[in-house]
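Q: Take a look at this one; I'll ask things after.
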Amino acid sequence: MILAIDIGNSTTKLGVFDGVKLIKRFTIPTISSKSAGEIYDSIQPEITQQISSVIISSVVTELENSFRELAEKHFTSKALFVDNKFNSGLKIRYSPPENLGIDRLVAAFAAVEKYGKPIIVCDFGTATTIDAVNSKSEYLGGIIAPGMNILADVLFQKTSKLPKVEIKKPEGIFGNSTITSIQSGIYYGYAGLVDGILRKMINELGEKPKIIATGGLASIITESSEFIDIADENLMLEGLRLIFEKINKS
């Protein structure tokens, strides 16, 4: 069994694979001060399978030693940390290439492997990234924007009377309370932002891409997007499994 771990800024997603099948998926908060033992205590009830290998993608460097110790001490496996030097098969048009976030590269690689190219990947996390790969297998880069939760937090923090709200799709555009007005503004405003960026990307790409959404808010944004074809919340975990297979075949 392979344990795939995607360490993000706000949450850490974990998936257990039996061959190509994802048999268990769960999420824990990302807390940069956690020790290996504390992480194990939080995930141990979820993992009943015998783990033989651990592969990790991380954007939180402070946690890497804890997860390395977790793999070695509790799963008797040397953790394989993916960095942007792995052979993705993509030509990286990013300057400098080593500054490309591993989460963006893994998502692009996974999307190409699963859905083909050209492709655009929208990852809705703490930050939103939207990146493109053309039909020549060139990773072209894309955009980084504040995520919806950041917008909601800033609105709450920078005003004296506006409450913090849950991110959700409102029943309609007309909010009939302060809470639903904020929800409508954030949700429909963000859907408009995403579609505006996608429209411009498609025009500049000059070819018709498949557009994939991933991340915790992928499903609700996809509902209102003119352009997103598929919401795939397991894209990063699937990408880690594919990378593990690719590395072990080489």
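Q: Quick check, is Gly101 more than 19 Å from Ile228 (Cα to Cα), assigned by TED's automatic domain parsing to the domain that holds Gln183 and touching a residue at least 24 places away in the same chain (Cβ under 8 Å)?
A: For Gly101, the condition - more than 19 Å from Ile228 (Cα to Cα), assigned by TED's automatic domain parsing to the domain that holds Gln183 and touching a residue at least 24 places away in the same chain (Cβ under 8 Å) - is met.
One line per residue, one yes/no per condition, for (1) crowded, with 17+ Cβ neighbours inside 10 Å; (2) under 17 Å from Thr128 (Cβ atoms); (3) in contact with a Lys or Arg (Cβ under 9 Å, 6 or more places away or on another chain):
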residue: Ser181; (1), (2), (3): no, no, no
residue: Asp195; (1), (2), (3): no, yes, no
residue: Lys200; (1), (2), (3): no, yes, no
residue: Pro209; (1), (2), (3): yes, no, yes
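Q: Going residue by residue through segment 142-152, is there one that turns out to be at pLDDT below 90, assigned to a helix (DSSP H, G or I) and over 19 Å from the mean Cα position of the chain (by Cα)?
A: Taking every residue of segment 142-152 in turn, at least one turns out to be at pLDDT below 90, assigned to a helix (DSSP H, G or I) and over 19 Å from the mean Cα position of the chain (by Cα).
Q: Considering only segment 64-72, I want to know if a residue exists there that is part of a loop (DSSP other than H, G, I, E, B), out of contact with any His (no Cβ under 7 Å at 6 or more places or on another chain) and in contact (Cβ under 8 Å) with a residue 12 or more places away in the chain.
A: The answer is no, given that none of the residues of segment 64-72 is part of a loop (DSSP other than H, G, I, E, B), out of contact with any His (no Cβ under 7 Å at 6 or more places or on another chain) and in contact (Cβ under 8 Å) with a residue 12 or more places away in the chain.
Q: Contact list please: Cβ distance under 8 Å, first residue in segment 151-175 and outside the structural domain of Tyr187 (by TED's automatic domain parsing), second residue surrounded by 10 or more Cβ atoms within 10 Å (Cβ to Cβ) and aliphatic (A, V, I, L, M), pairs at least six apart or on different chains.
A: Between residues of segment 151-175 that are outside the structural domain of Tyr187 (by TED's automatic domain parsing) and residues that are surrounded by 10 or more Cβ atoms within 10 Å (Cβ to Cβ) and aliphatic (A, V, I, L, M), there is no close pair.
Q: Of the numbered conditions (1) in contact with a helix residue (DSSP H, G or I) (Cβ under 7 Å, 6 or more places away or on another chain); (2) closer than 18 Å to Val112 by Cβ, Ile202 satisfies every one except a single condition; which is it?
A: Going through the list (1) in contact with a helix residue (DSSP H, G or I) (Cβ under 7 Å, 6 or more places away or on another chain); (2) closer than 18 Å to Val112 by Cβ, Ile202 breaks only (1).
The values are calculated or read from the model by the stated rules, or taken from the named source; none is laboratory data. Just so you know, these numbers come straight off a predicted model, no measurement behind them. Note: ideal-geometry Cβ built from the backbone for every residue, glycine included; neighbour counts use all protein chains shown.
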